[in-house]
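*Asks:* Below is one structure. I have some questions about it.
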Amino acid sequence: MRIASWNVNSIRARLESTLDWLTAAQPDVVLLQELKCTVGDFPREAIEDLGYNVALHGQKSYNGVAILSKLPLEDVHTTFSCGINDDQCRFIEAIIAGCRYISLYVPNGMAVDNDKYAYKLAFYDAFTSYVRQLLSLNQPLIIGGDFNVAPDLEDAHNPTVFTRTDRILCTIPERQAFHTLLAAGLYDGLKLHVKSLPDQQLPFTWWDYRAGSFIVDKGYRIDHFLLSPQAADLMINAGVDRTPRSVTRPSDHAPIWIHIKH
DNA sequence: ATGGTAGCAAAGCTA
């Protein structure tokens, strides 16, 4: 099975490139983030025409997540208990072929002194609690999404950003929150795969639109697949698909993917 | 240190 996750930065602005990418990459399961539209405005028919079942959680202008699947989706949920800003559409979960999938869009945080930064840390806390419950089931669990954290020095083009206390995506509390989530018992799928190969660098997944960051490869690795032990056992390959980041009017994120035994 | 671009939606907010 081919599993992909992609922050599209507006599904309507990205519809043509999304359909092109789906046709070329042929993923069986797709976890999407930043739809930036309501359920009613989602281009459901165009995607269903490519053979996908659709489950989505959308709102006007911001956020929004979806799961596309060639196999039937069961047991769909669109919330976990965070306690604040629960009206923001950042989570959707479904069971597909006996495996639980979550599409996650973690708050960006904006700036260290911003209320959104506190929300981001609270979101990590609450999601970690939820993941601990899921992991106690001892079942395959695949979480894909935009985590808005570069976990380690190799996950940013310029490691000196980690010496600054004001650089969003890279501050110590954000990275600690991410590593606490991992420590609940999840594997970083991309890292697990790349580190099993000789002399491979971890690829970036996001490049700022500004200052031509993609051309000079000044990126960050902030999109991740996090896997339960039962899912990690199934993984056979992983990577980043830079092709959709290279087209005209791209998303600022590239799709990430894993292959699992089915 | 600053400012650089993009999407939504119609001026500023978010990223």
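The rows are residues; the columns are (1) more than 20 Å from A:Tyr62 (Cα to Cα); (2) over 15 Å from the mean Cα position of the chain (by Cα); (3) at pLDDT below 95.
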site: A:Glu74; (1), (2), (3): yes, yes, no
site: A:Asp86; (1), (2), (3): no, yes, no
site: A:Ile92; (1), (2), (3): no, no, no
site: A:Cys99; (1), (2), (3): yes, yes, no
site: A:Ser103; (1), (2), (3): no, no, no
site: A:Val106; (1), (2), (3): no, no, no
site: A:Asn114; (1), (2), (3): no, yes, no
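*Asks:* Filter segment A:21-37 down to the residues that are surrounded by 14 or more Cβ atoms within 10 Å (Cβ to Cβ) and on the phi < 0 side of the Ramachandran plot and list them by number.
*Replies:* From segment A:21-37, those surrounded by 14 or more Cβ atoms within 10 Å (Cβ to Cβ) are A:21-22, A:25, A:27-37; that's our starting set.
A:Trp21, A:Leu22, A:Ala25, A:Pro27, A:Asp28, A:Val29, A:Val30, A:Leu31, A:Leu32, A:Gln33, A:Leu35, A:Cys37, listed by residue number.
*Asks:* In addition: Among what's in segment A:90-148 and is in a helix (DSSP H, G or I) and of a type in the set (S, T, N, Q), pick the residue that is nearest to A:Asn9 (Cα to Cα). Don't jump to the end; show me each part of the working.
*Replies:* Within segment A:90-148, the subset in a helix (DSSP H, G or I) is A:115-135.
Still in the running and of a type in the set (S, T, N, Q): A:128-129, A:133.
Numbers: A:Thr128: 25, A:Ser129: 28, A:Gln133: 30 Å.
Restricting to residues being in a helix (DSSP H, G or I) and of a type in the set (S, T, N, Q), the top hit is A:Thr128.
*Asks:* Something else now. Of all residues in segment A:41-59, how many are within 10 Å of DNA strand B (Cβ to nearest atom) and in a strand (DSSP E or B)? Walk me through how you get there before you give the answer.
*Replies:* Of segment A:41-59, the ones within 10 Å of DNA strand B (Cβ to nearest atom) are A:41, A:59.
Right, trim to in a strand (DSSP E or B) and you get none.
Residues in segment A:41-59 being within 10 Å of DNA strand B (Cβ to nearest atom) and in a strand (DSSP E or B): 0 in total.
*Asks:* Out of A:Phe162, A:Phe123, I need the residue that is free of Cβ contacts under 8 Å to residues at least 24 places away in the same chain and in contact with a Cys (Cβ under 6 Å, 6 or more places away or on another chain). Which one?
*Replies:* Numbers: A:Phe123 fails: free of Cβ contacts under 8 Å to residues at least 24 places away in the same chain.
Of the residues listed, the single one that is free of Cβ contacts under 8 Å to residues at least 24 places away in the same chain and in contact with a Cys (Cβ under 6 Å, 6 or more places away or on another chain) is A:Phe162.
*Asks:* Further, regarding this structure: Among the residues of segment A:166-184, is there at least one that is within 15 Å of DNA strand B (Cβ to nearest atom), among the hydrophobic types (A, V, I, L, M, F, W, C) and either in a helix (DSSP H, G or I) or within 30 Å of A:Gly98 (Cα to Cα) (or both)?
*Replies:* Within segment A:166-184 (the criterion being within 15 Å of DNA strand B (Cβ to nearest atom), among the hydrophobic types (A, V, I, L, M, F, W, C) and either in a helix (DSSP H, G or I) or within 30 Å of A:Gly98 (Cα to Cα) (or both)), the answer is no, since none of the residues qualifies.
*Asks:* Another one. For A:Lys70, are the conditions met, namely being of a type outside the set (S, T, N, Q), at pLDDT 95 or above and more than 18 Å from A:Phe147 (Cα to Cα)?
*Replies:* Yes; evaluated as a whole, the condition is true for this residue.
*Asks:* Which of the residues spanning segment A:130-150 are in contact (Cβ under 8 Å) with a residue 12 or more places away in the chain and among the polar types (S, T, N, Q)?
*Replies:* Residues satisfying the conditions are A:Asn138, A:Gln139, A:Asn148.
*Asks:* Could you tell me which residue of segment A:75-94 is nearest to DNA strand B (Cβ to nearest atom), considering only residues that are buried (at least 17 other Cβ atoms within 10 Å of the Cβ) and aliphatic (A, V, I, L, M)?
*Replies:* A:Ile92
Let's see how each residue does on (1) crowded, with 22+ Cβ neighbours inside 10 Å; (2) within 15 Å of DNA strand B (Cβ to nearest atom); (3) in contact (Cβ under 8 Å) with a residue 40 or more places away in the chain:
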{"site": "A:Leu19", "(1), (2), (3)": "no, no, no"}
{"site": "A:Val39", "(1), (2), (3)": "no, yes, no"}
{"site": "A:Ile67", "(1), (2), (3)": "yes, no, no"}
{"site": "A:Asp115", "(1), (2), (3)": "no, yes, no"}
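*Asks:* I've got another one for you. Could you tell me whether any residue of segment A:248-255 is within 13 Å of DNA strand B (Cβ to nearest atom), polar (S, T, N, Q), touching a residue at least 12 places away in the same chain (Cβ under 8 Å) and in contact with a helix residue (DSSP H, G or I) (Cβ under 8 Å, 6 or more places away or on another chain)?
*Replies:* For segment A:248-255, residues within 13 Å of DNA strand B (Cβ to nearest atom), polar (S, T, N, Q), touching a residue at least 12 places away in the same chain (Cβ under 8 Å) and in contact with a helix residue (DSSP H, G or I) (Cβ under 8 Å, 6 or more places away or on another chain): present.
*Asks:* Take the conditions touching an Asp or Glu at 6+ places or on another chain (Cβ under 8 Å), more than 30 Å from A:Tyr117 (Cβ to Cβ), touching a residue at least 40 places away in the same chain (Cβ under 8 Å) and not acidic (Asp, Glu) and apply them to A:Ala25. Does it pass?
*Replies:* Working: touching an Asp or Glu at 6+ places or on another chain (Cβ under 8 Å): yes; more than 30 Å from A:Tyr117 (Cβ to Cβ): yes; touching a residue at least 40 places away in the same chain (Cβ under 8 Å): yes; not acidic (Asp, Glu): yes.
It is true that A:Ala25 is touching an Asp or Glu at 6+ places or on another chain (Cβ under 8 Å), more than 30 Å from A:Tyr117 (Cβ to Cβ), touching a residue at least 40 places away in the same chain (Cβ under 8 Å) and not acidic (Asp, Glu).
*Asks:* Turning to a different aspect of this structure: Just one of the numbered conditions (1) without any contact (Cβ under 8 Å) to a residue 60 or more places away in the chain; (2) within 10 Å of DNA strand B (Cβ to nearest atom) is not true of A:Pro72; which one?
*Replies:* Tallying (1) without any contact (Cβ under 8 Å) to a residue 60 or more places away in the chain; (2) within 10 Å of DNA strand B (Cβ to nearest atom), A:Pro72 fails exactly one: (2).
*Asks:* Also: Could you please let me know if A:Ala177 is buried (at least 21 other Cβ atoms within 10 Å of the Cβ), more than 24 Å from A:Val8 (Cα to Cα), of a type in the set (A, V, I, L, M) and out of contact with any strand residue (DSSP E or B) (no Cβ under 8 Å at 6 or more places or on another chain)? Please lay out each step first, then the result.
*Replies:* Working: buried (at least 21 other Cβ atoms within 10 Å of the Cβ): yes; more than 24 Å from A:Val8 (Cα to Cα): yes; of a type in the set (A, V, I, L, M): yes; out of contact with any strand residue (DSSP E or B) (no Cβ under 8 Å at 6 or more places or on another chain): yes.
The answer is yes for A:Ala177.
*Asks:* So, one more: Restricting to segment A:203-247, and then to whatever is assigned to a helix (DSSP H, G or I) and surrounded by fewer than 17 Cβ atoms within 10 Å (Cβ to Cβ), can you tell me which residue is nearest to DNA strand B (Cβ to nearest atom)?
*Replies:* In the first step, residues of segment A:203-247 are kept if they are assigned to a helix (DSSP H, G or I); the result is A:210-212, A:229-232, A:243-245.
With the extra rule that they be surrounded by fewer than 17 Cβ atoms within 10 Å (Cβ to Cβ), the set shrinks to A:210-212, A:229-230, A:243.
Numbers: A:Arg210: 4, A:Ala211: 5, A:Gly212: 8, A:Pro229: 31, A:Gln230: 31, A:Thr243: 17 Å.
Taking the candidates together, the pick is A:Arg210.
The values are calculated or read from the model by the stated rules, or taken from the named source; none is laboratory data. Note that the coordinates shown come from a computational prediction; the quantities given were computed from them, not determined experimentally. For neighbour counting, all protein chains shown are included, and Cβ atoms are generated from backbone atoms with ideal geometry for every residue, glycine included.
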